[in-house]
2 protein chains.
Amino acid sequence: MIRTTTTMPNCKDCPIRHNAVCSKCEGDELRKLEEIKYYRSYDAGQPILWRGDPLDHVASLIEGVATISQSMEDGRTQMVGLLLPSDFIGRPGRGVAPFDVTAITDVKVCCFRRKPFEQLVQSTPNISNRLLEMSMDELDAAREWMLLLGRKTAREKIASLLVLIARRMSPKRGAQVPSHTEFNLPLTREAMSNYLGLTLETVSRQLSQLKSDGLIELSGQRGVVVPDLGLLISETGETWDAALA
Amino acid sequence: MIRTTTTMPNCKDCPIRHNAVCSKCEGDELRKLEEIKYYRSYDAGQPILWRGDPLDHVASLIEGVATISQSMEDGRTQMVGLLLPSDFIGRPGRGVAPFDVTAITDVKVCCFRRKPFEQLVQSTPNISNRLLEMSMDELDAAREWMLLLGRKTAREKIASLLVLIARRMSPKRGAQVPSHTEFNLPLTREAMSNYLGLTLETVSRQLSQLKSDGLIELSGQRGVVVPDLGLLISETGETWDAALA
DNA sequence: CGAGTTATTGAGGCTGGTCAAATAACGTGG
DNA sequence: CCACGTTATTTGACCAGCCTCAATAACTCG
């Protein structure tokens, strides 16, 4: 179910106000964005965009988790991005979606009509500079992920994903992540496998393996406890200097 | 050998003038860029940047081919980007190189001192918008590559790389690539393996296999003849791929 | 509680990796 | 121009890691 909200909450109260594409805007600039925005909600599992869809808007993810993925005609699928609150969907100057985007939890987005948004990007350095920062962050993340996909073992892949989620889901973004951490996986085993370039069986086996090695505890299908994040990090194959964001 | 050129060619005569980060600038903006630029050359095989290097400049690649790569401490290496003329090296607001950059042919770059360049990015939409375009293009390319790394078979990977090179090396860029094509590989087997997430032995074996299947001919270490590009494309696993890159 | 979905576990096979050796191409100096 | 040493590439034998197919278990939600 897709819903378009008619009530227009004020940007001042927006939970992603200080991280999203609008984060550097104030006063008049913010007001212009406010004029062209509207909200949409998607239920878990809903497609947000299919490759090839015409794009009449871009958007910021407000709530929930979505994935960007690509697939081959025989069904092989690779996730190429994870969208969390404040992440940006779409691309100025691009009228057609190049990838599939799917809500994996209930999702709420803040849409901007594309044409007026593109004009704002052109004329507002506070927007284009923020967008540049965000896309370069994503490029760095994509390149990190290429190392994982091309060169890491299944165990290293799983450990890397868990560490990534522990960091990104941690209540205190940016701050030091505590050694003992717990979180709920926002992804099914299948989604994880598509993210890591593995099969879901291998994901399940490696999780069990990490569990029996005492590096994690599993509770239910989604709950994960990491007693010592440092130990888990040492399984990722990374040099600890890669502690970016 | 790294050389810093003292003579300052005029931007008007620059071969990448209309594709690089400066492509939207004219007159005064171009002059400001010209003030903070200098040239450097690197021999084939030379490192241009090591991860962790302090960055006092950003740059545009003028001539040659370079790679962006990442490696793990045990030596596993993954190429995460290929830099061709007009591509941009570095990132405003980033003082440390996040990846290794290596010249694989002789390379010439146009450097801009970082601090003044960052100020120009802030104040010049013609620069930041172009930079945004370029980084989004790279992001799209990285995401295409993630599908290859995560989900394609060795044979599909090799076929994809050959098709990519055939397209890019083809004298007629952009135009329809002829069905019969010949080119010289700009990469060693090892470089290919690092690009594809394979071992060099597997690369060699798959090339031999494609040869014995009549899809390609090999002459010397680098020469490749593709009698029918369409047949090779059908081995890449791609759908209606074509028009990108 | 029961049907459907999601996850775990097992057995066996195949792809691609590892180790090793042979061959081919390249470059240098005589 | 050739001999020789070096490097790049090919090929072989073997094997490990991950995938496939299949059955069972756990969880979710009406």
(request) Determine the distance separating the Cα centre of region B:61-131 from the Cα centre of region B:185-208; give it in Å without decimals. (result) 24
(request) Using label points projected 7 Å from each Cα along Cα→Cβ, tell me how many nm separate A:ARG17 and B:ASP74, to one decimal. (result) 4.9
(request) Just tell me how shielded B:65-72 is by partners: mean number of partner chain Cβ atoms within 10 Å of each residue's Cβ, no decimals. (result) 3
(message) How large is the Rg to Rh ratio of region B:153-233 when both quantities use alpha carbon positions and Rh follows Kirkwood?
(response) 0.93
(message) Per residue of region A:33-41, what does 6.51 cos²θ - 1.76 cosθ + 1.60 with θ = phi - 60° give for ³J(HN,Hα)? Whole Hz please, x for Gly and Pro, Karplus curve as stated.
(response) 5, 4, 5, 10, 9, 8, 9, 9, 10
(request) Step through the residues of region B:86-91 one at a time and calculate ³J(HN,Hα) from phi using the Karplus curve (6.51 cos²θ - 1.76 cosθ + 1.60, θ = phi - 60°), rounding each to whole Hz and writing x for Gly and Pro. (result) 5, 5, 9, 10, x, 7
(message) At 1.4 Å probe size, with the rest of the protein present, what percent of the exposed accessible area of region A:52-156 is carbon and sulfur atoms?
(response) 50
(message) Please list, ordered by chain and number, the residues whose modelled amide H lies under 5 Å from the amide H of A:THR105; skip anything fewer than 5 residues away on the same chain.
(response) A:GLY45, A:VAL65
(request) Place the label 7 angstrom along Cα→C-beta at B:LEU200 and in each other copy, then list the distances from the first to the rest in nm, shortest first. (result) 4.1
(message) Applying a 10 Å radius around every beta-carbon, put A:58-66, A:25-33 in order of their mean neighbour count, most first.
(response) A:58-66, A:25-33
(request) Shielding by partners for B:92-101, please: the mean number of other protein chain Cβ atoms within 10 Å of each residue's Cβ. (result) 2
(message) Let me check I have the definition right: for chain B, take the eigenvalues of the Cα gyration tensor, multiply each by 5, take square roots. What are those semi-axes in whole Å, largest first?
(response) 34, 20, 17
(message) So if each residue of separation counts as 0.36 nm, and I subtract the Cα-Cα distance between B:LYS115 and B:GLU63, what length gain in nm does that give?
(response) 16.3 nm
(message) How far apart, in nanometres, would the label points at B:ASP137 and A:LYS211 be if each is projected 7 angstrom from Cα along the Cα-to-Cβ direction?
(response) 4.8
(request) Collect residues whose amide H, placed 1.01 Å from N in the peptide plane, falls under 5 Å from the amide H of A:LEU82; neighbours closer than 5 in sequence don't count. (result) A:ILE68
(message) Give me, ordered by chain and number, the residues 5 or more places off A:ASP53 or on other chains with an amide H under 5 Å from its own placed amide H.
(response) A:ALA97
(request) Please give the direction-averaged projected area of the C-alpha convex hull for the protein assembly as shown, in square nanometres with one decimal. (result) 24.1
(message) Can I get the semi-axes of region A:67-184's equivalent ellipsoid? Compute them from the C-alpha gyration tensor as square roots of 5 times the eigenvalues, in angstrom, largest first.
(response) 28, 20, 14
(message) Here is the link list: A:LYS152/B:LYS157; A:LYS37/B:LYS152; A:LYS115/B:LYS108. Which ones come out longer than 28 Å on Cα distance?
(response) A:LYS37/B:LYS152; A:LYS115/B:LYS108
(request) Starting from the Cα gyration tensor of region B:2-147, multiply each eigenvalue by 5, take the square root, and state the resulting semi-axes largest first in whole Å. (result) 25, 18, 14
(message) Ordered shortest first, which distances in nm separate the 7 Å Cα→C-beta label point of A:ASP106 from those of the other copies?
(response) 6.5
(request) Send over a whole-number figure in Å² for the accessible area per residue of chain A, probe 1.4 Å. (result) 45
(request) Give the interface area between chains A and B as buried accessible surface, both sides summed, probe 1.4 Å, in Å² to the nearest 100. (result) 4600
(message) Just to be sure I understand: with springs between alpha-carbon atoms less than 10 Å apart, which residue in A:LEU84, A:LEU218, A:LEU198 has the highest mean-square fluctuation in the Gaussian network model of chain A?
(response) A:LEU218
(message) Given points 7 Å out from each Cα along the Cα-Cβ axis, report the A:MET8 to A:ASP56 separation in nanometres with one decimal.
(response) 1.8
(request) Quantify how strongly other chains surround peptide B:185-192 by giving the mean number of their Cβ atoms within 10 Å of each of its Cβ atoms. (result) 0
(request) Sort the following peptides by mean Cβ neighbour count (other Cβ atoms within 10 Å, averaged over residues), highest first: A:222-229, A:87-94. (result) A:87-94, A:222-229
(message) If I compute solvent accessible area with a 1.4 Å probe over the protein chains, what percent of it on region A:1-48 is carbon and sulfur?
(response) 51
(request) Pairs of Cα atoms under 8 Å, at least six residues apart: use those to get the relative contact order of region A:153-242, whole percent. (result) 39
(message) Can you tell me the orientation of helix A:114-123 relative to chain A, as the angle in degrees between its alpha-carbon axis and the longest Cα principal axis, to the nearest 10?
(response) 80
(message) List, by residue number, every residue in region B:76-90 with a reduction of 40 Å² or greater in accessible area between the chain on its own and the complete protein assembly, 1.4 Å probe.
(response) B:ARG76, B:GLN78, B:VAL80
(message) Just to be sure I understand: with springs between alpha-carbon atoms less than 10 Å apart, which residue in A:VAL121, A:VAL203, A:VAL101 has the highest mean-square fluctuation in the Gaussian network model of chain A?
(response) A:VAL121
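The values are calculated or read from the model by the stated rules, or taken from the named source; none is laboratory data. The shown structure was predicted, so the numbers you read here are calculated from the model rather than taken from an experiment. Here Cβ is always computed from backbone atoms with ideal geometry, including for glycine, and neighbour counts include all displayed protein chains. Note: accessible area is taken over every heavy atom of the protein model, side chains too, but ligands, DNA and RNA are not part of it. Shrake-Rupley method; radii C 1.70, N 1.55, O 1.52, S 1.80 Å.
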